[in-house]
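Report on one structure; see the data block that follows.
The values are calculated or read from the model by the stated rules, or taken from the named source; none is laboratory data. The structure presented is a predicted model; accordingly, all values stated were derived computationally and were not measured. Neighbour counts run over all protein chains shown; Cβ positions are idealised from the backbone, glycine included.
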Amino acid sequence: MRSHSSLNLPARITGIRMRQLQLFQILIEAGSISEAARRCHMTQPAATEVFKELERAFGAQLFVRGPRGIVLTAAGMNLAKHTARMLSELQSAVSNVESATESRQSLKLGFVSTAMVRLLPRAISLLRKANPDISISMKELNVPECSRALLAGDLDAAVTMNHISFESSEGAAELTIETLTDERYTIAASRALHLGGHRMISLTEARKQPWILPLKESFLRRSFDSRFLQRGLLPPEAILEVSPISHATRLLKQVPALTLSSEWRSPGRHARSWHPLTCPELEPDFRLVFVCRRDYRARPHIAALFNCLKMAMLPRPSMIRQDGRK
């Protein structure tokens, strides 16, 4: 069978990536390399190298730098016209394919372990009630892994933590990041740990205590360790590592130690195994975020997932007994 001419492109052309063309389109809109790099969360040298690769691929200079920004050459103007058309056609193709497969919706969701504590189980339950036919596959990943998987198209969305991995990645401009909640952690102290009745502790004293901590590779553990390192102290070693960390307070009845607890899980009046302990220098916090590719955000099942996540954040109504008393 004779090959189609569209398949007989030079290797230097077939090696062009869609992200390079997207960056070229942003350059045209921005008017300068520095502004295009800023919008794409890239360094200027990295953006400059992308444009050099494009010029080598097409064998032509695409623009020149002027006192008021870049000026497209004749070759650059031709490429700009075709780039706009290609990106538009690609978006149309995505929309058409999605419409054709709308009845067979599937969702590939990444998450960090912290999201499973209270948010995701309820959100997924709500999503399944609203969309009983949806197929959901979930994978626990750390923050950098979520970023890479989203950009590679291996995930549709992720519930993760806002982190420099998103802001500094080459394709950060392709992602939508929306805050779900801000969490702050405090210290939970076992009542079996004798602290002389104190309710406040210094960072130096905290370092000397036994700790139940999150896994070393977790974001929360790195945030915890950084509090000590910033003050020239070695972080404490864990006597136990627990994932998710929300389970750690259950161990404090038998294990005399300190651990971390988010404020919303502070003990009620019936809790007797632990009490909150204040250390102003050691209260790690993080922002739980919903992340997806910018062009995925309008997809029905992605929009439905986000709405269910927001609903899951709402407090549950109080249980009321039949006699009217709470």
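The single condition among (1) in the same structural domain as Arg191 (by TED's automatic domain parsing); (2) of a type in the set (Gly, Ala, Ser); (3) modelled with pLDDT of 90 or more that Ala304 does not meet is (1). Within region 154-169, the residues that satisfy the criterion of being surrounded by fewer than 17 Cβ atoms within 10 Å (Cβ to Cβ) and at pLDDT below 85 are Ile164, Glu167, Ser168.
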